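Colleague: Structure below; questions to follow.
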Amino acid sequence: MEGLKTLSQLVDVLCSRCIRRRVAVVCPCDSHTEYVVIRSLREGLAEYLLVTDAAHRDVPDRLCAASPEYVHVYETETPDKAAALAVDLVRAGEADVLMKGSINTDNLLRAVLDKEKGLLLPGGVLSHIAIAQIPLYHKLLFFSDAAVIPNPSLPQFRQMILRGIAVCRALGVSQPRIALIHCTEKVGKKFPVTSAYEALKADESVSSFGNVYIDGPMDVKTACDRYSGEIKGLSSPVVGNADLLIFPDIEAGNTFYKTISLFGDANMAGMLTGTSAPVVVPSRSDSGNSKYYSLALACLMSE
């Protein structure tokens, strides 16, 4: 598969395979989740296991009417029990993807990270990967981590990169170009994370990341605009042509996520990685389109 240029192409790929992924949705009680479920049912993308609490039973009834043969409803007493049941359904192989509805993210993650009954892989690192379709960039832009890890350690950076590479390749980017993002191109004690970046580049030199290019530290503009790199005298396969941005901390990653969404008119998709099945945990402020594309990404990665 050639590298995808738009998020709508991601949906086209899924629809062409004519396989509905089974999605367990926890508390599908908000308008954006309802939009995602109805749209994906109409486009043949998924079938649903809607896990709700007793107080919101009427919403799944409305969703069932959209495509009753592909919607199954499970009712529990509370949102926390709904989260636990949805995770159980994924663990039992009855669902391929877990998706957050109106439940609080912390409550859902408590079930996901349960040491005995959760979805985190043994020894795994939970992180977040996002994809942006930005009108002024010539291809899809992947980045991590905007939602989970406050200050990544070197082992966590390695896992973020490995998971990001896997998502890049699933969308047809065979040789990802990875930019290690910072406010400076200099390595020094003033910014300890730059030393971790040097270690990550050494990893690449012994091919631990496979067939990739990796460079940094560099700022986002240098990573995505070749002219900026030329002005600074920087030249590498990554400069001006990055596929995957690795941010130094959650503050930088989340700020980038929200900024390009608001001011860059970006369509977004995102999911958690490091779990036994993809987990979609959209922000409350994400658009219906972004939540839909997040579901599509998770369905693709569940294969």
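The values are calculated or read from the model by the stated rules, or taken from the named source; none is laboratory data. Predicted, not measured: the structure shown is a model, and the values here were computed from it. Please note: Cβ atoms are built from the backbone with ideal geometry, for glycine as well, and neighbour counts cover all protein chains shown. Accessible surface areas use protein heavy atoms only, side chains included; no ligands, DNA or RNA. Shrake-Rupley method; radii C 1.70, N 1.55, O 1.52, S 1.80 Å.
Colleague: When you go through (1) at pLDDT below 95; (2) loosely packed, with under 13 Cβ neighbours inside 10 Å; (3) of a type outside the set (Val, Ile, Thr) one by one for Glu251, which number turns out not to apply?
Modeller: (1)
Colleague: Listed residues Leu49, Leu89; which is over 30 Å from Leu140 (Cβ atoms), touching a residue at least 40 places away in the same chain (Cβ under 8 Å) and open to solvent by less than 40 Å² (accessible area, probe 1.4 Å)?
Modeller: Values: Leu49 fails: over 30 Å from Leu140 (Cβ atoms).
Answer to the check: Leu89.
Condition check ((1) part of a helix (DSSP H, G or I); (2) in contact with a Ser or Thr (Cβ under 7 Å, 6 or more places away or on another chain); (3) over 21 Å from Val281 (Cα atoms); (4) open to solvent by 70 Å² or more (accessible area, probe 1.4 Å)) across all residues:
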| site | (1), (2), (3), (4) |
| --- | --- |
| Gly3 | no, no, yes, no |
| Asp12 | yes, no, yes, yes |
| Arg22 | no, no, no, yes |
| Asp61 | yes, no, yes, yes |
| Glu69 | yes, no, yes, yes |
| Ala84 | yes, no, no, no |
| Gly93 | no, no, no, no |
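Colleague: Among the numbered criteria (1) within 30 Å of His138 (Cα to Cα); (2) open to solvent by less than 20 Å² (accessible area, probe 1.4 Å); (3) in contact with a Ser or Thr (Cβ under 9 Å, 6 or more places away or on another chain); (4) not small (Gly, Ala, Ser), which single criterion is violated by His32?
Modeller: So the condition that His32 fails would be (2).
Colleague: Name the pairs: first residue in the range 203-218 and surrounded by fewer than 16 Cβ atoms within 10 Å (Cβ to Cβ), second residue not aromatic (Phe, Trp, Tyr), Cβ to Cβ under 6 Å, at least 6 apart or on different chains?
Modeller: Asn211/Gln175
Colleague: For the range 259-303, enumerate the residues that are outside any loop (DSSP other than H, G, I, E, B), touching a residue at least 12 places away in the same chain (Cβ under 8 Å) and surrounded by fewer than 19 Cβ atoms within 10 Å (Cβ to Cβ).
Modeller: The first filter runs over the range 259-303 and keeps only residues outside any loop (DSSP other than H, G, I, E, B), leaving 259-262, 267-273, 275, 279-280, 288-301.
Those left that are additionally touching a residue at least 12 places away in the same chain (Cβ under 8 Å): 260-261, 267-273, 275, 279-280, 288-301.
Those that are outside any loop (DSSP other than H, G, I, E, B), touching a residue at least 12 places away in the same chain (Cβ under 8 Å) and surrounded by fewer than 19 Cβ atoms within 10 Å (Cβ to Cβ): Gly288, Asn289.
Colleague: Among the candidates Ser261, Ser294, single out the residue that is under 15 Å from the mean Cα position of the chain (by Cα) and either at pLDDT below 95 or among the aromatic types (Phe, Trp, Tyr) (or both). Steps first, please.
Modeller: Details: Ser294 fails: either at pLDDT below 95 or among the aromatic types (Phe, Trp, Tyr) (or both).
Only one candidate passes the filter, namely Ser261.
Colleague: While we're on this one: Across the range 135-167, what is the number of residues that are of a type in the set (Phe, Trp, Tyr) and either out of contact with any helix residue (DSSP H, G or I) (no Cβ under 9 Å at 6 or more places or on another chain) or part of a helix (DSSP H, G or I) (or both)? Give the steps one after another, and end with the answer.
Modeller: As a first pass, look at the range 135-167 and keep what is of a type in the set (Phe, Trp, Tyr): 137, 142-143, 157.
The next check asks that each one be either out of contact with any helix residue (DSSP H, G or I) (no Cβ under 9 Å at 6 or more places or on another chain) or part of a helix (DSSP H, G or I) (or both); those that pass are 157.
Of the residues in that region, 1 qualify.
Colleague: So, Leu113, is that one among the hydrophobic types (A, V, I, L, M, F, W, C) and crowded, with 17+ Cβ neighbours inside 10 Å or not? Walk me through how you get there before you give the answer.
Modeller: Working: among the hydrophobic types (A, V, I, L, M, F, W, C): yes; crowded, with 17+ Cβ neighbours inside 10 Å: no.
The answer is no for Leu113.
Colleague: Need the failing condition index for Ala95 against (1) out of contact with any helix residue (DSSP H, G or I) (no Cβ under 7 Å at 6 or more places or on another chain); (2) under 20 Å from Met301 (Cβ atoms); (3) not β-branched (Val, Ile, Thr), just the number.
Modeller: (1)
Colleague: Please enumerate the residues belonging to the range 179-201 that are polar (S, T, N, Q) and either crowded, with 17+ Cβ neighbours inside 10 Å or assigned to a loop (DSSP other than H, G, I, E, B) (or both).
Modeller: Looking only at the range 179-201, we keep the residues that are polar (S, T, N, Q), and these are 184, 194-195.
Residues satisfying the conditions are Thr184, Thr194.
Colleague: Hey, Ile38 hits all of (1) in a helix (DSSP H, G or I); (2) open to solvent by less than 10 Å² (accessible area, probe 1.4 Å); (3) among the β-branched types (Val, Ile, Thr) but one; which does it fall short on?
Modeller: (2)
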